[in-house]
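Enquirer: Take this structure first; my questions come after.
The values are calculated or read from the model by the stated rules, or taken from the named source; none is laboratory data. Since this is a predicted model, take the numbers as computed values, not measurements. With ideal geometry, Cβ positions are generated from the backbone for all residues, glycine too; neighbour counts draw on all protein chains shown. Just the protein is used for accessible areas: all its heavy atoms, side chains included, with ligands, DNA and RNA removed. Shrake-Rupley method; radii C 1.70, N 1.55, O 1.52, S 1.80 Å.
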Amino acid sequence: MEETLLFVIEVLGTVAFAISGIRLAATKGFDWFGAYTVGLVTAIGGGTLRDLLLDIPVFWMQTSWYLVVTGLSLATVIVFRSLLVSRDRILFVFDSIGLALFCVIGIQKTLAAGYPMWVATAMGVITGAFGGVIRDILINDEPIIFQKDIYATACLAGGLVYWLMAEAGAEAAWQQISCAAMVIGLRIASLKYNLQLPKV
Amino acid sequence: MEETLLFVIEVLGTVAFAISGIRLAATKGFDWFGAYTVGLVTAIGGGTLRDLLLDIPVFWMQTSWYLVVTGLSLATVIVFRSLLVSRDRILFVFDSIGLALFCVIGIQKTLAAGYPMWVATAMGVITGAFGGVIRDILINDEPIIFQKDIYATACLAGGLVYWLMAEAGAEAAWQQISCAAMVIGLRIASLKYNLQLPKV
Amino acid sequence: MEETLLFVIEVLGTVAFAISGIRLAATKGFDWFGAYTVGLVTAIGGGTLRDLLLDIPVFWMQTSWYLVVTGLSLATVIVFRSLLVSRDRILFVFDSIGLALFCVIGIQKTLAAGYPMWVATAMGVITGAFGGVIRDILINDEPIIFQKDIYATACLAGGLVYWLMAEAGAEAAWQQISCAAMVIGLRIASLKYNLQLPKV
């Protein structure tokens, strides 16, 4: 039951990330293959970098559904072109939930590989945020998260909450839920109050 | 005998890929080191990403001839500057043969590492097409294969043919030859009939 | 004593590399997280690629001081904004010393992993020069070292000196010192006499 819920959340997160990549690819006039690749890289790029750095088997090569879900995302965007027009609220919610889950997964996998919490926090940020960086590199834009989004900061804050909960002796499930809540809460707050990090 | 033939084809493919990178680097005013690096990355980038993802020893670190052949390609371009002017037919043929061989090598290595056919097909595409993507990132262009070439699609079709031949019980050599023929045939057809994937 | 000296040099090199990234990020209007990331990637990117290619544990995941030093570099740039204005001489010296040390470390680690000298030279170049390449990709510029700097060439020359000293039977310490001296000497000479590689 809990596993099914996590699976559904991960699918929704993957869809949200893939669609964000596909939409940006469309604005650049990419063809189906280009859009598929950019969508896929947005969804799996951060986790792939994490798995390479941790020297563990790359997650999307163990099951084909990441590739399949990205294909379905592309088909959805092609059929319902209105998805291309505006960044609607539902996608923002999926995207925030996906970010929170990806961040938690990154932290968990790193701790399971025997690394300390500061490495795990870094891997949470990488898992959540670097798919978007690679996406922006592929479409030849300056990475958006380096300029106005608090995407990565939300992951970082989530990692700190995870850390504090662990130090406080909370159960693993509560560590994860607190982390995810922090990521989602900070994302929503940043949208509502237009929060940004200072520029250098 | 067969091994010598494969070696010659791989050298020609490496030369064709390296020259495509060196020529683009020249249009950007890169110096010798820059042109060498872009040429090398075009030739070995896809295979390097594949080997990292498969967690097997990186192929170009096992023998120095990839670096040597790239150096000879650079020397050739510098001496015969006319090579810089137009994408001639011979290079297109080398490039297509190289693409087909790289695609077959990617599939073979992945199957040998114990992965299923869908991962092997993905690795065929990565081996053949992603050197060019990294090249375009290094020269700060939008990846050409995401916009008008059917480069990656040819690899994908080649992978499907490989798969079908394997399912049909064909010998390994025939699987590989059919795959390569599909890649080369589709490349030539796409040039002749100006085939392109639809845009999103 | 010698180890303390090496540690101090590596810290200074990391600071110089990180500041070069942070300053370029500032010119693009990146926020704190973006500047931190670009600074970090400039400092650790080359070594990370090297460790992935060698399939050895990634160096900056073993101790937190690389992340800490980058944070201090960012704080320094924010507080002393005058650091943003001009590429001063002190940074150039740190940068050259850092480059030399990174190059030597790359060669040593590769030889320790059992690879021949030509791979070690390639890894010396990658360790020293590719953090800057990834930095330029992240800020969406054409890599500066492909166009006018003799950064990578200095590493290459240093690798050749290392090689020659090893062939001549010199002690390990002398191989390393000669290599570093070559890198630093060539950097300074290139600045003084405005040396550049020819363009293609």
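Enquirer: Relative to the Cα centre, what is the charge dipole magnitude of chain B, using +1 at the beta carbon of each Lys and Arg, -1 at the beta carbon of each Asp and Glu, and rounding to the nearest 20 debye? Present the calculation step by step, with values, prior to reporting the outcome.
Expert: Numbers: 12 positive and 14 negative charges, 123 e Å.
Dipole about the Cα centre, nearest 20: 600 debye.
Enquirer: Mind checking which of A:144, A:126, A:22 has the largest fluctuation in a GNM of chain A, springs on alpha carbons under 10 Å?
Expert: A:144
Enquirer: Cα gyration tensor of the range C:22-65, axes a ≥ b ≥ c as square roots of the eigenvalues: rounded (a/c below 1.5), prolate (a/b > b/c) or oblate?
Expert: prolate
Enquirer: May I pose another question? Nm distances between the label at residue B:141 and the same-position labels in the remaining copies, 7 Å along Cα→Cβ, shortest first?
Expert: 2.2, 2.2
Enquirer: Which of A:116, A:189, C:64 sits closest to the plus end of the dipole of the protein assembly as shown, meaning its Cα is farthest towards the positive end, when Lys and Arg get +1 and Asp and Glu get -1 on the C-beta?
Expert: It is A:189.
Enquirer: Right, another one. Among B:130, B:33, B:94, which one moves the most in a GNM of chain B with springs linking Cα atoms closer than 10 Å?
Expert: Ranking B:130, B:33, B:94 by mean-square fluctuation puts B:33 first.
Enquirer: What total accessible surface area, summed over both chains, is buried at the interface between chains C and B, computed with a 1.4 Å probe and given in Å² to the nearest 100? Walk me through the intermediate numbers first.
Expert: On the way: alone 10770 and 10790 Å², together 19180 Å².
Looking at C and B, the buried total is near 2400 Å².
Enquirer: Any idea which of A:25, C:170, A:162 is furthest toward the positive side of the dipole for the protein assembly as shown, if Lys and Arg beta-carbons carry +1 and Asp and Glu beta-carbons -1?
Expert: After comparing all options, I get A:25.
Enquirer: Over the protein assembly as shown, with every protein chain in place, what whole percent of the accessible area is carbon and sulfur at 1.4 Å, could you tell me?
Expert: Working: 17200 of 25310 Å².
That fraction is 68 percent.
Enquirer: Another one. Taking a label point 7 Å from Cα toward Cβ, how far is residue A:169 from its twins in the other copies, in nm, shortest first?
Expert: 6.7, 6.7
Enquirer: So what is the calculated 222 nm ellipticity per residue for chain B, using -39500 (n - 2.57) for each DSSP H run with n of 4 or more, over all residues, to the nearest 500 deg cm²/dmol?
Expert: Calculated from helices alone, the mean residue ellipticity at 222 nm is -25500 deg cm²/dmol.
Enquirer: Then there's this: Taking springs between alpha-carbon atoms closer than 10 angstrom, which of C:65, C:32, C:118 fluctuates most in the Gaussian network model of chain C?
Expert: Largest GNM mean-square fluctuation: C:65.
Enquirer: Quick one: dipole size for the range B:134-173, taken about the Cα centre, charges +1 on Lys/Arg Cβ and -1 on Asp/Glu Cβ, in debye to the nearest 20.
Expert: On the way: 2 positive and 6 negative charges, 5 e Å.
In total the dipole reaches around 20 debye.
Enquirer: Classify the range C:63-132 as rounded, prolate or oblate, taking a ≥ b ≥ c as the square roots of the eigenvalues of its Cα gyration tensor: rounded when a/c is under 1.5, otherwise prolate if a/b is larger than b/c and oblate if not. Please report the intermediate quantities before stating the final value.
Expert: Values: a/c = 3.74, a/b = 2.06, b/c = 1.81.
Prolate.
Enquirer: Using a Cα-Cα cut-off of under 13 Å, which aspartates and glutamates could be cross-linked to residue B:192, ignoring same-chain neighbours fewer than 8 residues away?
Expert: Partners found: B:149.
Enquirer: Shifting gears a bit: With an 8 Å cut-off on Cα pairs and a minimum separation of 6 or more residues, tell me the relative contact order of chain C in percent.
Expert: Computed over chain C, the figure is 22 percent.
Enquirer: For residue A:72, which inter-copy label distances result when the label point lies 7 Å beyond Cα on the Cα-to-Cβ vector, reported in nm to one decimal and in ascending order?
Expert: 5.1, 5.1
Enquirer: In addition: With no solvent and one equal point scatterer placed on each C-alpha of chain B, evaluate the Debye formula and give log10 I(q)/I(0) for q = 0.09, 0.17, 0.18 Å⁻¹, two decimals.
Expert: -0.32, -1.16, -1.29
Enquirer: Could you give the dipole magnitude of the protein assembly as shown about its Cα centre, charging the beta-carbon of Lys and Arg +1 and that of Asp and Glu -1, in debye to the nearest 20?
Expert: 1760
Enquirer: Let me ask something additional. Over the alpha-carbon set of the protein assembly as shown, work out the extent along each principal axis and list the three values in angstrom, largest first.
Expert: So the three principal-axis extents are 67, 64, 38 Å.
Enquirer: Next up: Given a 1.4 angstrom probe, what's the average accessible area per residue across chain A, in square angstrom?
Expert: Values: 8440 Å² over 200 residues.
Heavy-atom accessible area per residue stands at 42 Å².
Enquirer: Using θ = phi - 60° and the Karplus relation 6.51 cos²θ - 1.76 cosθ + 1.60, list the HN-Hα couplings for the range C:157-173 in order, rounded to whole Hz, with x at every Gly or Pro.
Expert: 4, x, x, 5, 4, 3, 4, 4, 5, 5, 4, 7, x, 6, 5, 4, 4
Enquirer: For the range B:143-164, state which residues have at least 50 Å² less accessible area in the presence of all protein chains than in their chain by itself, taking the probe as 1.4 Å and leaving out ligands, DNA and RNA.
Expert: Going by heavy-atom accessible area, the residues of the range B:143-164 that drop by at least 50 Å² are B:146.
Enquirer: By how many nm would the segment from residue B:89 to residue B:191 grow when fully extended, if each residue of separation counts as 0.36 nm and the alpha-carbon distance is taken off?
Expert: 35.6 nm is the gain from fully extending residue B:89 to residue B:191.
Enquirer: Among the aspartates and glutamates, which have Cα under 18 Å from the Cα of residue A:148 when same-chain residues fewer than 8 positions away are ignored?
Expert: Cross-link targets: A:95, A:136, C:31.
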